Amino acid sequence: MSWLFTTAAELLARASEAGLSVADYLVAREAFYSSASPEATRSEIARRIRITRQSLDAGLARPQRSFSGLTDGAAVKLHDFAAAPGAAAPAVADPLFRLALAYALAVNEVNACGGKIVAVPTAGSSGVVPGVLWAYRDVRRKDLDADSREFQDAFVVASAVGMVIASRATLAGAAGGCQAECGAAAAMAAAGLLCLLGRGGEDCLSGAALSLKNCLGLACDPVAGLVEVPCVKRNAFMAANALTAATLVEAGIRSAIPFDEVVGAMKAIGDSMPAALRESSLGGLATTPTGLACKERIERG
């Protein structure tokens, strides 16, 4: 059995040749490379999924406030505002949508405040995948948990998307802009959610392609060099992106450009981006008057 792949097309072919689902193939592959049993590998996957839930819960237990003041408890505000007495109805009342956004914020606020997270695929984009998948679980499938094979498979399929992006392009904002971090996370979340919805590998990759296409060219421009503004709130927007992509695929809409080609385009765009827009804080939002004022205030302590 071959464990080598660099493209999504090769991944689907390898899984098919092995007579395994994409998730089972990837678990077997990880077990091979780590010299562990498939059972031990799934146990480790479950442990990491549980950490994502702990991060999420910590972010909602109390408002997260960072030393810089740029992170100010947005997750709790969003989670609680519709339930407040006399609160106006939210613009989008669907609980899955609202929870996904709040959960994505919660995880990334914990990251901004120095808490423990799982980088899926990076710390700055760590809220998107768990935000979407745990929201779906809490609203639609409460029978699932970290020990459920079906739930694990969703995270594994999401990871496959990240692996292909890492192999053929980059997951680093410093190399490819935020399309490589939050954009990759959105693509991963879309694929993971479609897996939870019972879709096959082709549909999962089409969702990932739709999601990533609409993040191409996204700058990485953190204010004051901190992974807070616009990073934290961008996690919520990317959760919405992933939900949109999955919904389109459910409706029978497919990406006109295959996932592997979208990743290639992302790589080309990242390579052509000015350094000022690649995590240097020398361009974009970081150099607005307000962004520079924040930087000065933080440097003064």
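Key figures
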| read-out | value |
| --- | --- |
| All positions within region 29-53 that are farther than 25 Å from Ile117 by Cα and either among the aliphatic types (A, V, I, L, M) or in contact (Cβ under 8 Å) with a residue 24 or more places away in the chain (or both) | Phe32 |
| Matching residues in region 1-19 - criterion: being touching a helix residue (DSSP H, G or I) at 6+ places or on another chain (Cβ under 7 Å) and not polar (S, T, N, Q) | Met1, Trp3, Phe5, Ala8, Ala9, Leu11, Leu12, Arg14, Ala15, Ala18 |
| Members of region 27-75 that are part of a helix (DSSP H, G or I), over 30 Å from Pro230 (Cα atoms) and among the hydrophobic types (A, V, I, L, M, F, W, C) | Val27, Ala28, Ala31, Phe32, Ala40, Ala46 |
| Enumeration of residues in region 210-239 that are within 14 Å of the chain's Cα centre (by Cα) and either buried (at least 23 other Cβ atoms within 10 Å of the Cβ) or aliphatic (A, V, I, L, M) (or both) | Ser211, Leu212, Cys215, Cys231, Val232, Arg234, Asn235, Ala236, Met238, Ala239 |
| Single residue of region 139-154 satisfying the filter (assigned to a helix (DSSP H, G or I) and in contact with a helix residue (DSSP H, G or I) (Cβ under 6 Å, 6 or more places away or on another chain)) that is nearest to Tyr25 (Cα to Cα) | Asp153 |
| Those residues of region 1-18 which are among the small types (Gly, Ala, Ser), surrounded by fewer than 21 Cβ atoms within 10 Å (Cβ to Cβ) and modelled with pLDDT of 95 or more, in sequence order | Ala9, Ala13, Ser16, Ala18 |
| Residues that are of a type in the set (A, V, I, L, M), closer than 13 Å to Gln64 by Cβ and outside any loop (DSSP other than H, G, I, E, B), drawn from region 105-138 | Leu105, Ala106, Val107, Val110, Ala112 |
| Flag for Ala265 being over 23 Å from Asn108 (Cα atoms) and within 21 Å of the chain's Cα centre (by Cα) | yes |
| Whichever residue in region 19-50 is farther than 14 Å from Arg149 by Cβ and among the aliphatic types (A, V, I, L, M) and, among such residues, is surrounded by the most Cβ atoms within 10 Å (Cβ to Cβ) | Ala31 |
| Every residue from region 248-293 that is farther than 18 Å from Leu210 by Cα and hydrophobic (A, V, I, L, M, F, W, C) | Met273, Ala275, Ala276, Leu277, Leu282, Leu285, Ala286, Leu292, Ala293 |
| Within region 154-181, tally of residues that are buried (at least 24 other Cβ atoms within 10 Å of the Cβ), more than 14 Å from Val263 (Cα to Cα) and touching a Lys or Arg at 6+ places or on another chain (Cβ under 7 Å) | 1 |
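The values are calculated or read from the model by the stated rules, or taken from the named source; none is laboratory data. Computed from a predicted structure; not experimentally measured. For neighbour counting, all protein chains shown are included, and Cβ atoms are generated from backbone atoms with ideal geometry for every residue, glycine included.
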